[in-house]
Amino acid sequence: MVKIENILFATDFSEDSGYALTYARTLAELCNTRLYIFHVIENPLDHLYGEPHGEYPALEANAIKKVHELIHRFDDVLSGFTNFELSTKAGETTLEILKMAEQKHAGAIVMGTHGGSALRHMLLGGTVDKILRSANVPVMVVRHPSRQLPNHS
């Protein structure tokens, strides 16, 4: 029997990510383990963190503060569940997710996907693709049900 300890949920706070959180929470509950909710600040000027003000350290501090506000987007999914911890780190997304998985001894990583175009993934590679290729633990990728699958005909 497989025992999964610690679930790492990597989020960008999007609707897709919120949907994937339901799977991460369920997996954590089924495995009776801790859920680590993790967000990487790759660019503190990103619109997600609001209007930019000040020098780089202030921008990064603002982004971290905003992440702790953004977690409330998930209040409905996290309602009644307390075995979780929110962490934020500035850096390169893929690298930081892999480092956090190792640091927290994650037995699995859960992520949502936007399901971008095949051309975009071929040219840029997606964070999810990079995690799938590099992680040393199982990765669950959850697509939001409203996202259309690409037409391959």
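Just so you know, all these numbers are worked out from the coordinates, no wet-lab data involved. Computed from a prediction, not measured in an experiment: that's the story for all the values here. All Cβ positions, glycine included, derive from the backbone under ideal geometry; neighbour counts span all protein chains shown.
Check each of the chymotrypsin sites (Phe, Trp or Tyr not before Pro) in region 43-112 and keep only those in coil by DSSP with at most 16 other C-beta atoms within 10 angstrom; list them in order.
Listed in order of number, the matching sites are Phe81.
What range in the chain is the longest one free of trypsin sites (Lys or Arg not before Pro) that are in a loop by DSSP and have at most 16 other Cβ atoms within 10 angstrom?
Values: sites that count: Lys3, Arg34, Arg147.
The answer is 35-146.
Nearest 500 deg cm²/dmol is fine: what mean residue ellipticity at 222 nm does the chain get from its DSSP H runs of n ≥ 4 alone, each adding -39,500 (n - 2.57), divided by its residue count?
-12000 deg cm²/dmol, from helical runs alone.
Please count, across the chain, the pairs of lysine residues with Cα atoms under 26 Å apart that sit 8 or more places apart or on different chains.
For the chain, qualifying lysine pairs total 14.
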